[in-house]
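Read through the structure below, which is laid out as structure tokens, and then see the notes.
The values are calculated or read from the model by the stated rules, or taken from the named source; none is laboratory data. None of these values were measured; they are calculated from a predicted model. Ideal geometry is used to build each Cβ from the backbone, glycine not excepted, and the neighbour counts take in all protein chains shown. Note: accessible area is taken over every heavy atom of the protein model, side chains too, but ligands, DNA and RNA are not part of it. Shrake-Rupley method; radii C 1.70, N 1.55, O 1.52, S 1.80 Å.
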Amino acid sequence: MVPRPSPKSRPNVAIVGATGAVGQELIRCLEQRRFPLASLHLFASSRSAGKTMQFAGSDLPVEELTHKSFAGIDIALFSAGGARSREFAPIAVRAGAVVVDNSSAFRMDPAVPLVVPEINPLAAREHRGIIANPNCTAIISITPLWPIHQANRIVRLVIASYQSASGAGAAAMEELREATRAYLEGRAYEQRVLPHPYAFNVFSHNARIDPVTGYNEEEIKVREETRKIFGDPELRVSATCIRVPVLRAHSVAISFECQRPITAEEARRLIAAAPGVKLVDDRERNYFPMPRDASGGDAILAGRIRQDVSDPSGRSIALFVAGDQLLKGAALNAVQIAEAL
């Protein structure tokens with residue numbers, strides 16, 4: 001039997017992984033957007049059980065996640081990693097909850113909708129109890145492109161991402177702070193979270209590399225998830241994902257090729273009208289999207305929109321985008337899905 005979204009106007013909501021970087025943003029998003037919930041339950045590992053977290057002026061206890069945690073829960077927002085999602089999401093569904101999962105556990109399952117509300121909101125209606133939240137880089141990259149794809153199909157997409165510490169979690173953010181402090185003070189610092197020195201350095205995304213293709217798992221996610229969200233399995237996608245010493249907000253350099261010729265002016269007009277996107281494209285002041293401006297904001301910033309002069313056919317556009325990985329790249333997108341339910 002296919003579970004249905006709760007008919008209640010005020011559902012009981014749970015956050016799994018509440019003490020993590022995305023979990024904390026989920027709490028803030030629910031509060032700031034005044035999500036109409038009846039109750040909020042916070043779950044984490046046994047290490048965090050007994051802590052309290054603030055929500056709407058009240059202290060809420062963090063409870064240990066167990067197989068009995070989901071009784072009476074209508075919507076469960078998961079952000080505790082793939083292993084936890086694979087174990088506990090089916091349990092939550094059997095208890096009657098709809099799961100919005102932020103891990104990669106179910107994204108490519110044909111039976112699980114992969115949803116960006118600005119792109120494919122109707123896909124959420126096809127759920128069988130679990131809805132997947134896409135990869136953060138994919139969300140930030142393709143949300144500004146959707147109106148263009150609808151007007152003039154994108155046939156090829158090439159991206160280079162500049163991914164912040166927040167994409168690797170709160171521990172990586174702290175490592176960047178400590179490594180930077182040590183570097184400036186002339187002290188040695190041994191990294192523990194990421195595989196290479198982080199302060200004043202950039203390196204290939206810390207995901208496993210496919211020995212055959214040379215692409216890492218992050219790059220493969222961007223390719224496959226973009227195809228699924230756009231509903232276009234023939235879309236050609238190549239990604240290069242790089243970790244940069246920025247605390248939060250990912251940036252992406254994008255070049256795309258359309259089926260028919262397209263001008264920079266057309267692309268700018270379509271991107272400016274894209275839901276959830278803010279145009280930042282001031283050539284006179286050389287002011288374009290920056291992670292500093294995107295951090296803490298709901299909108300994906302898009303700019304540096306220009307004709308890709310390497311394509312003489314006039315079918316290609318280059319641009320640059322930035323978006324908060326913890327918000328639109330994760331927590332905000334999940335809460336928007338919950339709102340749609």
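Here are the numbers for this structure:
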| item | result |
| --- | --- |
| Pairwise FRET efficiency - GLU126 versus GLU190, Cβ, R0 = 41 Å, nearest 0.05 | 0.30 |
| Accessible solvent surface per residue of the chain, calculated while the other protein chains remain in place, 1.4 angstrom probe, Å² | 46 Å² |
| Amide H contacts of THR240 (H built 1.01 Å from N, under 5 Å, at least 5 apart or other chain) | ILE159, ALA160, SER161 |
| Residue-span extension gain [ILE242 to ARG181] - 0.36 nm each, minus C-alpha spacing | 19.8 nm |
| Volume in Å³ per residue [convex hull over Cα atoms, computed for region 246-341] | 109 Å³ |
| For q = 0.10, 0.16, 0.21, 0.23 Å⁻¹, Debye-computed log10 I/I(0) when each Cα of region 189-304 counts as one equal scatterer | -0.42, -1.03, -1.37, -1.41 |
| Choice from GLU31, GLU185, GLU126 with maximal GNM fluctuation in the chain (Cα, 10 Å cutoff) | GLU185 |
| For region 100-175, fraction of C-alpha pairs farther apart than 19 Å, in % | 49 percent |
| Cα→Cβ-extended label distance, 7 Å offset, between ASP232 and ASP109, nm | 2.8 nm |
| Net charge over other residues, Cβ less than 13 angstrom from the Cβ of ILE254 (K, R count +1; D, E count -1) | +1 |
| Solvent-accessible area, 1.4 Å probe, carbon plus sulfur percent, for region 106-236 | 52 percent |
| Region 29-107: trypsin sites (Lys or Arg not before Pro) in DSSP coil with no more than 16 other Cβ atoms inside 10 Å | ARG33, ARG34, ARG47, LYS51, LYS68 |
| Mean projected area in nm² (Cα convex hull; one quarter of hull surface) for region 34-175 | 11.0 nm² |
| Inter-part distance where region 71-87 and region 319-340 are each reduced to a Cα centre, Å | 18 Å |
| Mean Cβ count within 10 Å, highest first, over the residues of peptides 98-105, 36-43 | 98-105, 36-43 |
| Extension reserve of the ASP311-ARG283 stretch, reckoned as 0.36 nm per residue once the Cα distance is removed | 7.9 nm |
| Residue-by-residue Karplus 3J(HN,Hα) for region 303-309, coefficients 6.51, -1.76, 1.60, Hz, glycine and proline x | x, 6, 6, 7, 5, 7, 6 |
| Candidate residues GLU234, GLU175: accessible-area rank, largest first, probe 1.4 Å | GLU234, GLU175 |
| Estimated 222 nm signal from helices in the chain, with DSSP H stretches of n ≥ 4 weighted -39500 (n - 2.57), rounded to 500 | -7500 deg cm²/dmol |
